[in-house]
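The structure under discussion appears below in the form of structure tokens.
Every read-out reported here was derived from the displayed coordinates using simple, explicitly stated rules and does not represent laboratory data. Owing to the predicted nature of the structure, the values given are computational and were not obtained by experimental measurement. Methodologically, a virtual Cβ is constructed for each residue, glycine included, from the backbone with ideal geometry; neighbour enumeration extends over all protein chains shown.
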Amino acid sequence: MKWLEFTELEEQTGRIWHRIVGKTASYRYYPEAAVSLDDVRVALGVFFRGLGGSPGVSIIAGTSQSSEHRLTLRQRLGLMQESLARIECNAERMLLPETLGYFPESSLNRQHYFWLAAFFATAHDSGCPLQPEYTDPLQADLAFLHRAYWTSVKVCERYPGLALSYRSLGAALWNRRPQRALTPQEQAVEAVIQALLCNQTCVDALGTVFLRAIRHCVPEFSHWQASRHYRTFLPVPLWGVMHAFLKSANVRPDTLDDSIGTSADGDEKQHKKKSRREKQDQSMRNDPLLLNRFEKLMSWSEMVNVNRAVQDDDADGAKDAAKALEEITLSPNTQRAATRLKFDLDLSPDDVNPALLISELAYPEWDFRRRQYHDRQCRIIFQHATEGGEQWEPGLQARKRLRKIRRQFEALRPKREILRRQLDGAELDMDALVRAQCDMFATGNSSDRIYLDVRQHARDLSVAILMDVSLSTDSWIGGRRILDIEKEALITLATGLAACRDTFAIYTFTSRKRDYVRVTGIKDFTESFNTQVLRRITALRPGYYTRMGAALRHTQHLLSQRSERHRLILLLTDGKPNDLDYYEGRYGVEDTRQAIIEARRAGLSVFGITIDHKAQDYFPYLFGRGGYAIVAKPDRLSHLLPVIYQQLINS
């Protein structure tokens with residue numbers, strides 16, 4: 001068989017060519033010692049925030065991007081540009097490689113993750129400008145090295161324990177920097193990098209000048225100009241790119257098709273795809289040029305602003321195209337696509353529309369970038385629920401669970417207390433009466449406290465249940481639809497609260513941009529829990545998006561009108577706050593967090609319950625310690641509600 005394979009000339013040529021140009025990465029990768037981001041994500045988040053990093057920054061695996069550094073001859077035979085992992089941080093997210101395997105020891109790769117977290121946590125106040133100030137490539141490279149150097153110095157000064165890790169990582173990476181043929185300027189920059197990694201002097205004359213300028217607190221690079229064929233340096237994995245804020249795009253027109261679709265790819269591992277918004281006016285024309293395609297090689301390429309007919313690929317083809325493209329361009333188009341994909345984009349949100357809304361139920365929104373409120377930013381449409389809609393009914397097992405959980409809630413009902421030796425009451429306290437008669441015969445004096453009184457204790461509490469009915473509740477987990485799980489949990493909770501005789505109301509919410517935040521009343525505080533309310537719950541249908549801050553503010557307004565001493569907002573959701581406009585990412589998280597802070601300042605308690613398995617990244621930041629519960633197994637939600645409620649009323 002081996003002899004027959006040898007006779008296949010094309011196969012042999014391909015194998016030889018692959019040996020020559022197949023593995024030409026600048027940095028060697030050690031898969032046996034690699035560390036996954038998923039293994040350290042939780043610890044990394046705690047570490048990052050403990051060092052002063054912003055709690056609103058999420059840690060996400062980024063995709064690779066092309067680097068413009070100079071390639072070796074062997075690399076140029078097989079590729080035009082080398083793709084390297086993105087290591088970046090901005091005001092909303094930190095992009096780290098999905099795995100790190102630059103070093104042969106797994107301990108070094110783990111230290112690498114924590115060093116990057118410390119680097120980004122310190123970069124914002126290292127005293128260096130965050131954005132490039134130079135258009136010349138050489139000046140921009142020197143400015144980046146200056147920021148990286150002073151940020152590293154600041155980290156080592158603040159946290160001496162990390163200085164040893166940095167020296168170990170720098171020395172190991174210094175040995176793994178490849179030797180290449182470079183121009184004099186490029187060689188000088190490379191010499192500077194080698195010196196910074198090992199904290200040594202520079203042997204290159206021009207590099208010595210560069211190094212002296214970089215180590216100066218206030219450098220000046222404008223008197224150096226890049227040569228004609230200058231290429232940037234090979235990126236250093238220990239130094240990430242720090243951005244201030246993503247540049248916002250303009251507000252999208254309201255006339256575009258904002259219909260919502262579902263995708264079967266929602267459960268796949270998500271990565272941040274590099275993307276941008278760009279208006280492609282030619283693509284919206286309805287008179288495409290007819291071209292003869294002739295003989296061709298099929299490949300994917302970036303978006304081009306040309307007049308051509310829209311090709312609607314199948315889901316697999318669209319998924320392959322999304323994976324193949326390094327940068328995805330989003331452009332408005334009036335034509336509706338049949339194929340829909342779900343993936344995470346490293347995309348700046350739209351600008352906030354500052355126009356005031358004219359409505360009786362208009363609430364402000366918190367802009368964390370400007371650290372101010374936008375008055376009358378969201379309009380609430382409040383309506384009462386109808387009994388028409390989906391006719392969902394709990395199954396046999398669900399009804400058994402409801403009866404069992406109802407008994408657990410009944411155990412939480414306030415107990416009757418018998419007060420003895422009272423001045424007045426419905427019955428005589430026989431023990432007190434006998435004692436009084438004995439005292440009268442013995443001393444001539446007796447007590448008048450000879451009655452029993454029964455007092456029914458009631459919690460001075462009102463609860464507002466706010467449930468998310470966005471489109472994501474139409475997805476399935478473990479063979480059950482999320483909305484059906486929430487309906488069962490809501491019926492369970494309402495039945496239990498009615499058994500406890502606590503005052504409560506039920507509201508649901510969904511949204512579609514800032515001028516349509518729909519809050520629906522399922523049950524009012526003064527209404528009893530009956531079959532009519534039960535039919536309203538079973539008739540709930542999926543809505544649109546999750547503008548959580550506005551819904552919380554309106555629920556706070558309704559609950560603030562109650563006279564009970566203790567007032568609680570119980571939020572039940574399955575995902576992150578987001579909407580179709582600019583309300584996404586950190587903006588939505590910060591506005592929701594501010595709404596929770598406002599409610600607590602007004603004397604209300606707020607508690608959040610979620611079944612989102614990714615909620616650990618943002619839910620603790622929203623509700624704070626002891627203010628939330630993450631249910632890892634949605635099927636267990638109904639079983640855990642009595643335990644959660646008992647903890648709430650006890651606290």
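Let me understand the range 416-456 better: what is its radius of gyration from the alpha carbons, and its Dmax, in angstrom?
11.0, 37
Which of the residue pairs LYS154/LYS576; LYS404/LYS614; LYS523/LYS633; LYS487/LYS614; LYS576/LYS633; LYS404/LYS487 have a Cα-Cα distance greater than 26 Å in the structure shown?
LYS154/LYS576; LYS404/LYS614; LYS523/LYS633
So if we plug the beta-carbon distance of GLN647 and CYS198 into 1/(1 + (r/R0)^6) with R0 = 51 Å, what FRET efficiency do we get, rounded to 0.05?
0.40
Please work out how much length the chain gains when fully extended from LYS614 to GLU527, using 0.36 nm per residue of separation minus the C-alpha to C-alpha distance, in nm with one decimal.
Result: 27.7 nm gained on full extension.
Please order CYS89, CYS198, CYS500 by the number of other Cβ within 10 Å, starting at the fewest.
Ascending Cβ contact count within 10 Å gives the list CYS198, CYS500, CYS89.
Using 1/(1 + (r/R0)^6) with R0 = 25 angstrom and r between the beta carbons of SER168 and VAL46, what's the FRET efficiency to the nearest 0.05?
The computed FRET efficiency comes out at 0.65.
What is the sum of charges, Lys and Arg at +1 and Asp and Glu at -1, for the other residues whose Cβ falls under 13 Å from the Cβ of ASP460?
+3
Amide H neighbours of SER605 under 5 Å, counting only residues 5+ apart in sequence or on other chains, H built in-plane at 1.01 Å?
ARG567, LEU568, ILE569
Just to confirm a number: summing +1 for Lys and Arg and -1 for Asp and Glu over residues other than THR208 whose beta-carbon lies under 14 angstrom from that of THR208, what do you get?
Charge balance in the 14 Å sphere: 0.
As an exercise, use a Förster radius of 22 Å and the Cβ-Cβ distance of GLN65 and GLU98 to find the FRET efficiency, rounded to the nearest 0.05.
With R0 = 22 Å, the Cβ-Cβ based efficiency is 0.95.
How high is the relative contact order of the range 416-456? Use alpha-carbon pairs under 8 Å, at least six apart in sequence, and give a whole percent.
62
Any chance you could check the Cα centroid distance between the range 610-651 and the range 573-588 for me, in angstrom?
Answer, in whole Å: 20.
Expected output is a single nm value to one decimal: the length gained when fully extending between ASP453 and ARG15, i.e. 0.36 nm times separation in residues minus the C-alpha distance. What is it?
Stretched fully, the ASP453-ARG15 segment lengthens by 148.2 nm.
Kindly list the residues of the range 60-98 that lie in the label zone of ARG369, defined by a backbone N under 12 Å from the point 7 Å along the Cα-to-C-beta vector.
It comes to 91-92, nothing else.
If each residue of separation counts as 0.36 nm, what is the full-extension length gain between HIS229 and ARG399 once their alpha-carbon separation is subtracted?
53.7 nm
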